[in-house]
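The values are calculated or read from the model by the stated rules, or taken from the named source; none is laboratory data. None of the values given here were measured: they were computed from a predicted structure. Cβ: placed from backbone, ideal geometry, glycine included. Neighbour counts: every protein chain shown. Side chains included, ligands, DNA and RNA excluded: accessible areas come from the protein's heavy atoms. Shrake-Rupley method; radii C 1.70, N 1.55, O 1.52, S 1.80 Å.
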Amino acid sequence: EQEKSEEFRDLTEEERKMIVSTPEFLDFVDTSSKVVERALNEKYDFMKDYTLGVDVES
Amino acid sequence: MPSEVDDTLKRLSNRKGVKGVVILNGDGQAIRSTLDPELTVKYGRLISSLVQQTRTTISTLDDQNDLTFLRVRTKKHEIMIAPDREYLLIVVQNPAETMQA
């Protein structure tokens, strides 16, 4: 258990800052957010009317 | 520069139906998250292991192939995962809300 929490320790603010300032990270955020936004823009829900036995609150 | 990242995250998380946005490094550690800390750690650990597993499955089926995007539809929401070599973007959304015209 100790080992596990060690393995998944949070990044420090310093480490986060360092990652966020690299060109690789900025590139990644730029590209991946565009892909996700495109997916979010889809208006057609392929699961609509076929979601069995689920009460979807809307 | 870093504020550009935060603007992008804010834009994504403010969209209708979006429940949360998390960016992880390759070890499942959160670099940015709009979820509460406890949930962020859970997502980090579990989603990065799901991605690892999926990646292995795909490249074992065909060693020329690689995972590019992962969408998981559930009763309650949809989890969209955009992975690259180093980082992962996770967006949790409720499709019933996002797809209202």
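Here are a few things to note about the model shown:
- Restricting region B:73-82 to residues that are without any contact (Cβ under 8 Å) to a residue 24 or more places away in the chain and open to solvent by less than 50 Å² (accessible area, probe 1.4 Å), the residue that is farthest from A:V36 (Cα to Cα): B:E78
- Some residue of region B:15-30 being part of a helix (DSSP H, G or I) and charged (D, E, K, R): no
- Only one of the listed residues (B:V21, B:V5) is closer than 21 Å to A:K17 by Cβ, touching a Lys or Arg at 6+ places or on another chain (Cβ under 9 Å) and more than 8 Å from chain A (Cβ to nearest Cβ). That residue is B:V21.
One line per residue, one yes/no per condition, for (1) out of contact with any strand residue (DSSP E or B) (no Cβ under 6 Å at 6 or more places or on another chain); (2) under 27 Å from A:D45 (Cβ atoms); (3) open to solvent by 60 Å² or more (accessible area, probe 1.4 Å); (4) more than 7 Å from chain A (Cβ to nearest Cβ):
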position	(1), (2), (3), (4)
B:I31	no, no, no, no
B:Y43	no, yes, no, yes
B:Q52	yes, no, yes, yes
B:D62	yes, no, yes, yes
B:N65	yes, no, yes, yes
B:R71	no, yes, yes, yes
B:R85	yes, no, yes, yes
B:L88	no, yes, no, yes
B:T98	yes, yes, no, no
